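A short reminder: the numbers here are calculations on the coordinates, not readings from a lab. On a predicted model such as this, the values are computed, not experimentally measured, just so you know. Glycine gets a Cβ as well: all are built from the backbone with ideal geometry, and neighbour counts include every protein chain shown.
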Amino acid sequence: MKELLAWSNSTAVMGTSVSSLMLALVSVLVSYFLMSSALKFAVGRMQRVAIRTTNRIDDTVVEVLSSTSSWLMVLAALLIGLGMLDLNDRWNERVEQLWFVAVAVQFGLWLTRAISMGMRRYEERHTVAGVAQVSASATLLSWMLRTLLWAVVLLAVLSNLGVNITAFVASLGVGGIAIALAVQNILGDLFASLSIAVDKPFEQGDFIGVGAVVGTVQYIGLKTTRLRSLDGEQIIISNTELLKQMVKNYKRMEERRVVFKFGVTYNTSAEQAEAIAPIVKRLVDAMPALRFDRAHLLGFGESALDYEVVYIVNSADYNLYMDCQQALNLQLIRELSALGVEFAHPTRTVYLASSGAAERISGAEPAPHEINRPNDYVNPKEKTA
């Protein structure tokens with residue numbers, strides 16, 4: 001045994017004793033075993049905690065830790081073993097650089113897994129009938145985040161290795177500006193698509209109105225958004241032009257405010273006109289889906305007494321609104337008929353006067369054959385004399 005120890009201390013391989021190499025090898029094996037055991041313990045402990053809780057933070061930690069690369073763990077163990085050797089300054093510097101590369105790459109893998117989890121949960125929230133309704137903007141955003149992440153990791157590694165990245169970054173900036181100027185219209189639609197994906201003014205399946213166009217959002221692409229109108233045709237709108245206009249999202253409507261008018265004839269008495277508003281209030285209150293706001297005699301129209309009624313539908317369902325409005329109209333016809341009040345329709349009363357009255361009004365001179373009494377006629381020559 002003593003001879004073996006003496007031999008290992010006296011024998012050198014590439015300037016390093018065999019005993020030091022054996023100690024480094026043992027350090028590598030022990031380090032890898034400890035790291036893998038600690039990782040398994042941490043993952044198992046977090047899995048047990050995740051089962052007992054309802055939040056997703058524990059699940060995220062478990063999945064991120066599960067993405068730890070075994071090859072990077074082997075590299076870390078080897079670097080620990082190399083640290084046990086008596087190396088010169090040049091090799092020590094290389095070991096430190098490899099440590100930075102290993103840690104940077106592992107952090108990149110963890111963040112990549114976190115981005116993938118976020119994308120997967122986004123798909124779960126936007127799955128209808130087993131079909132994921134994920135826009136191209138969301139997919140592009142995920143790809144851009146991963147690209148940016150690994151670009152930062154690469155630049156950090158190159159900087160740690162002693163590469164001057166200042167000129168490289170400046171060149172990328174100048175090239176990026178040139179490309180942006182060349183495809184600014186496409187980039188405008190692209191950023192508009194990203195704005196829709198992040199801000200979410202509407203999503204796939206929402207019923208929206210844009211100017212005079214209304215329809216259901218079918219697809220949100222990188223350049224355009226496609227709507228399916230009520231008539232059935234597909235309407236394609238540029239994302240940039242879409243965000244320049246006022247967008248009405250009817251799907252997010254919680255309740256509907258309805259204003260409708262009707263008119264009754266001028267033959268209606270004051271007592272009857274006063275009774276109409278309470279009748280309308282009673283009819284609206286009788287419907288559970290409606291909430292009465294007001295009913296007033298609005299004014300005097302050309303051919304009718306105009307009434308204005310406002311009520312709230314406690315749902316955004318358009319079919320429910322139409323059913324309630326129809327029922328209200330039918331009940332209003334019955335109630336006004338029982339009250340003896342008629343609905344007005346465009347009418348105009350013309351008063352005809354006799355010809356003599358018309359001539360007196362206009363100041364016209366009567367014709368000689370229309371004079372009934374002879375003494376009424378005066379000769380203009382005699383009148384002059």
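Which trypsin sites (Lys or Arg not before Pro) in region 241-340 sit in a loop by DSSP (not H, G, I, E or B) and have at most 15 other Cβ atoms within 10 Å of their own Cβ?
Lys251, Arg252
Quick one: Trp143, Trp71, Trp150, fewest Cβ neighbours within 10 Å first, how do they rank?
The fewest-first ordering by Cβ neighbours comes to Trp71, Trp143, Trp150.
Most exposed first by the Cβ proxy, i.e. fewest other Cβ within 10 Å, how do Ile333, Ile235, Ile208 rank?
Ile333, Ile235, Ile208
With the crude spin-label approximation of a point 7 Å out along Cα→Cβ, what separation in nm comes out for Phe41 versus Gln326?
Roughly 7.1 nm, to one decimal.
I need Asp58, Asp189, Asp199 ordered by Cβ neighbour count within 10 Å, fewest first.
By the 10 Å Cβ count, ascending: Asp199, Asp58, Asp189.
For the residue pair Val198 and Ala338, what label-to-label distance in nm results when each label sits 7 Å from Cα along the Cα-to-beta-carbon direction?
Result: 6.1 nm between the two label points.
Based on the mean of other Cβ atoms within 10 Å per residue, sort peptides 104-110, 211-217 so the most packed one is first.
Order by mean packing, descending: 104-110, 211-217.
Given 0.36 nm per residue, what is the gain on full extension from Phe260 to Trp71 after removing their alpha carbon distance, in nm?
60.8 nm is the gain from fully extending Phe260 to Trp71.
Net charge around Ser303, counting only other residues with Cβ within less than 13 Å of its Cβ (Lys, Arg = +1; Asp, Glu = -1)?
-2
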